[in-house]
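The values are calculated or read from the model by the stated rules, or taken from the named source; none is laboratory data. Bear in mind the structure is a predicted one, so any value in this text is a computation, not a measurement. Here the Cβ positions follow ideal geometry from the backbone for every residue, glycine too, while neighbour counts run over all protein chains shown. Note: areas computed on protein heavy atoms with side chains; ligands, DNA, RNA excluded. Shrake-Rupley method; radii C 1.70, N 1.55, O 1.52, S 1.80 Å.
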Amino acid sequence: MPHQHDAAKRIASSLEVFGGALLADSVGLGKTYVSLAVATRYKRITSVVPAALVPQWKKAAERVAVQLEVLSHESLSRNQTIRTSDLIIVDEAHRFRNDITKRYDRLARDIGSAHLLMVTATPVVNGARDLVNLLRLFLADHSLAICGVDGLDKAVRENRLTELAKASTPLIVARTSRMVPRLKGLIPTSLNSPLIDPPSVPDARLPGIIRLIDSLEFPNFGRSDAAVLLRLHLFYRLASSRAALMETVRRHEAYLLNAIEAAKNGKALTRSNSRSLFSVEDLFQLDFLFELGSHPSKQLEIRQLDEELTRLRMLLSHTRETESPKLSHLKSLLAQRSDGRTLVFCNSVATAFLIASSLGWTRCAVATGAGARVASGPLGLESVLNLFSPRSRRATGPNPAEKIDTLIATDLVSEGLDLQDADAVVNFDLPWTAVRLEQRIGRIARLGSSHRKVQVHWFVPPPSLERRLLLVRRISAKASSQLSTGAASASRVGSATQFNHTQELREKIAALGECNPNPKPPIYSIVKGPSAALFAVRWSLSSGIARELVLLTEPSHRPEMEPQTVYRYALQLIEGSASNWNPNVEWLKGLQRILRDRIADAYHPTRSATVIRLTRTAVKLGAKAGKNRDIAMLTNLDRVIDILVSGAPVGCERAIADYLAEIAKSRYAAPFPAKVLGRNISFSNVGVEAALIGDGSV
């Protein structure tokens, strides 16, 4: 489609100039096919995607005759290496926002000279640090100095989010369906049902269960915040269902029995024991392992563990089989939707099976990270998805006996899948982040849907649990953070889609700044308009051209960063009629100051703490190598310093750190790592392609 052609061109340009790009169009605009279009320019291509999306990516690539190797995120977590590639495409790239994870480290170290295309509708989950961690996979810390940010890490520390967003604009394509007129009517409108808050257990029983959870002490964990996290997790499971809470309490019971046995034998539990308290779905939702530690801060008596075990078993007795108002509301809702297909999201496998059982497994299926199941038993995930949404997945339509009207899924199935046959999403449980909400709704509100409208239903925790969990507030805060730093859209509880007006303006400003690629003498015009000057600046870099619009306003003649102001002034100047006014030379002086400052920052950037530390280590080792007349080691250390000074992405910095540690320990010139390559974006020249100067009459 035309909007995909436009995205592919812009992404290809960013890859050439910066070595990487971020495709962050909102959910459902066809990012997979944009990525595959870009891939046609490369020979050796690797795609890194969530395990659940591997079959889908292989089918899409085969459909458009693009040959690529497909690896899973999970395989990188198991330390699988990426073969030498010309282009690496990372789908659902927000899963790589945490720079301390194994998958991030593996990807960072294996990029080498490859171009990196990161694909995600939600590049920011918690804050600006997420975006910077993604950019640092292919950029040095100072790579955007020419764009106005002398250090990525420094910009986050100093909370210069507007500057960071503006500087990263050339690297990011992030559009909503509202920005593409031809998509009108092709992506369904999301209609939000009112929030409902029925409890998972009868109202009369809920306060007693809450008191019992409050009474737990978690004595076997030493960290002060462990009890807070563990109690919060139990409340989260209670908000889901009785079955989810019971499953988790039984995990705690088994853990305590192991702790008692270990205490009797004078042994300590391992960290993997503490992780056993959580299911795969828990860890996926929280996006980190609960590093609670397994060693208590003081010697525990078996009596303390026995007392905690008694409290847990009392909690189990209070969560015995009972009616669920929450489940009753869901059954009533689904009964009213007998003529549509419904996607129900919950946080727990136990909850998913409870829902299916309450429906008698009639025309429904469960899909989780562990696989899928229908009434007759286990069935492959692909088969279940094809039965639920055959048209969107290009599968043969099922016979009436196999038809699935309701798919109950956990969030391990929420990313990247095409399920457009459905016309309703039910958020039976709320996730921890706004990202998960948007991913859920995006399974059905996307290109290829035959529906004009889709319904979104919202279950929220009852007030007594919401006061403890603060889920609605957490999701709202994270959605605001997403929108402030580059996401095209986000979801809040009760509102399926929140559009990022700031990002839309950045996209429009970028479009205004696109000039003829063939350099010509600059054109300018004096117009009737506000006292401001708009310049189309053309930066010639080592690997290509980067363009931007620079707006100056009086009285400071300094650049305006706020997108709303830039766009408003730009439109006024563009629409202004000719004026006979002679422009003040201060406009040009102001632009010259800006360009000189940018060039100075590019040539003499602020070095990050990591670069300074590694450079000092290399110099010290070089002094020793000089005394020993070790020419091979001196040559390698000279190369290390050259890479660090020129600019190194985070994976290169980590490989250099390991290399320096190795030669410091072994005292010989070890072979230089093949994939340790700098990513130097050097400045060649800068010019003004066009200028509009207002005479101050408006």
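Test each condition in (1) under 37 Å from the mean Cα position of the chain (by Cα); (2) touching a residue at least 12 places away in the same chain (Cβ under 8 Å); (3) in a helix (DSSP H, G or I) for Ala664 and report the one that comes out false.
The number of the failed condition is (1).
Write out, first by first residue and then by second, each pair whose Cβ atoms fall under 9 Å of each other, whose residues are 6+ apart or on separate chains, and whose first residue, in region 446-458, is touching a residue at least 40 places away in the same chain (Cβ under 8 Å) while the second is assigned to a loop (DSSP other than H, G, I, E, B) and of a type in the set (Phe, Trp, Tyr).
Matching pairs, first to second residue: His457/Phe428.
Strands (runs of 3 or more DSSP E) wholly in region 330-375 with at least 3 residues that are under 30 Å from the mean Cα position of the chain (by Cα) and more than 27 Å from Arg251 (Cα to Cα) - which ones?
In region 330-375, no matching strands (runs of 3 or more DSSP E) lie anywhere.
With respect to Thr610, determine if the residue is open to solvent by less than 70 Å² (accessible area, probe 1.4 Å), assigned to a loop (DSSP other than H, G, I, E, B), under 24 Å from Asp642 (Cα atoms) and touching a residue at least 12 places away in the same chain (Cβ under 8 Å).
Answer is no for this residue.
Can you pull out every residue in region 615-624 that is open to solvent by less than 80 Å² (accessible area, probe 1.4 Å) and either out of contact with any Leu (no Cβ under 9 Å at 6 or more places or on another chain) or farther than 21 Å from Glu653 by Cβ (or both)?
Passing the criteria: only Ala623.
Looking at Ala602, Ala623, Ala657, which one is among the aliphatic types (A, V, I, L, M), over 24 Å from Asp105 (Cβ atoms) and modelled with pLDDT of 90 or more?
After ruling out the rest, the residue left standing is Ala623.
Has region 2-14 got at least one residue that is touching a Phe, Trp or Tyr at 6+ places or on another chain (Cβ under 7 Å) and either surrounded by fewer than 17 Cβ atoms within 10 Å (Cβ to Cβ) or not aromatic (Phe, Trp, Tyr) (or both)?
For region 2-14, residues touching a Phe, Trp or Tyr at 6+ places or on another chain (Cβ under 7 Å) and either surrounded by fewer than 17 Cβ atoms within 10 Å (Cβ to Cβ) or not aromatic (Phe, Trp, Tyr) (or both): present.
Name every residue in region 376-393 that is under 27 Å from the mean Cα position of the chain (by Cα), of a type in the set (A, V, I, L, M) and open to solvent by 20 Å² or more (accessible area, probe 1.4 Å), in order of residue number.
Leu381 - this is the single residue of region 376-393 that is under 27 Å from the mean Cα position of the chain (by Cα), of a type in the set (A, V, I, L, M) and open to solvent by 20 Å² or more (accessible area, probe 1.4 Å).
Would you pick out the residues in region 310-320 that are in contact (Cβ under 8 Å) with a residue 40 or more places away in the chain and either part of a helix (DSSP H, G or I) or open to solvent by 20 Å² or more (accessible area, probe 1.4 Å) (or both)?
The answer is Arg311, Leu312, Arg313, Met314, Leu315, Leu316, His318.
For Leu573, are the conditions met, namely being open to solvent by less than 70 Å² (accessible area, probe 1.4 Å), of a type outside the set (D, E, K, R), in contact (Cβ under 8 Å) with a residue 40 or more places away in the chain and in contact with a strand residue (DSSP E or B) (Cβ under 7 Å, 6 or more places away or on another chain)?
Here the answer is yes, as Leu573 does meet what is asked.
Looking only at strands (runs of 3 or more DSSP E) that fall completely inside region 430-531, which ones have 3 or more residues that are at pLDDT 75 or above and farther than 20 Å from Ala174 by Cβ?
Where strands (runs of 3 or more DSSP E) fall fully within region 430-531 and carry at least 3 residues being at pLDDT 75 or above and farther than 20 Å from Ala174 by Cβ, they are 453-459, 523-527.
Give the residues of region 18-48 that are more than 21 Å from Pro170 (Cα to Cα), open to solvent by less than 30 Å² (accessible area, probe 1.4 Å) and at pLDDT 95 or above, sorted by residue number.
Ile45, Thr46, Ser47, Val48
Which of the following residues is modelled with pLDDT under 85, among the acidic types (Asp, Glu) and open to solvent by 40 Å² or more (accessible area, probe 1.4 Å): Glu402, Glu415?
Selected residue: Glu402, the only one of Glu402, Glu415 that is modelled with pLDDT under 85, among the acidic types (Asp, Glu) and open to solvent by 40 Å² or more (accessible area, probe 1.4 Å).
How about region 172-208: which of its residues are crowded, with 21+ Cβ neighbours inside 10 Å and either hydroxyl-bearing (Ser, Thr, Tyr) or not in a loop (DSSP other than H, G, I, E, B) (or both)?
Ile172, Val173, Thr176, Ser177, Ser200
Those residues that are under 27 Å from Ser328 (Cβ atoms) and either of a type in the set (Phe, Trp, Tyr) or touching an Asp or Glu at 6+ places or on another chain (Cβ under 9 Å) (or both), I need them from region 213-266; list them, please.
His233, Phe235, Tyr236, Arg237, Ala239, Ser240, Ser241, Arg242, Ala244, Thr248
Examine region 414-429 for a residue that is in a helix (DSSP H, G or I), in contact (Cβ under 8 Å) with a residue 12 or more places away in the chain and in contact with a helix residue (DSSP H, G or I) (Cβ under 9 Å, 6 or more places away or on another chain), and state whether such a residue exists.
Checked region 414-429: no residue is in a helix (DSSP H, G or I), in contact (Cβ under 8 Å) with a residue 12 or more places away in the chain and in contact with a helix residue (DSSP H, G or I) (Cβ under 9 Å, 6 or more places away or on another chain).
Among the listed residues Leu238, Leu230, which satisfies the condition of being modelled with pLDDT under 90, under 26 Å from Asn427 (Cα atoms), open to solvent by less than 10 Å² (accessible area, probe 1.4 Å) and not in a loop (DSSP other than H, G, I, E, B)?
After applying the criteria, what remains is Leu230.
Restricting the search to region 322-341, which residues are touching a residue at least 60 places away in the same chain (Cβ under 8 Å) and open to solvent by 60 Å² or more (accessible area, probe 1.4 Å)?
Once the filter is applied, which keeps residues that are touching a residue at least 60 places away in the same chain (Cβ under 8 Å) and open to solvent by 60 Å² or more (accessible area, probe 1.4 Å), region 322-341 yields Glu323, Ser328, His329, Ser338.
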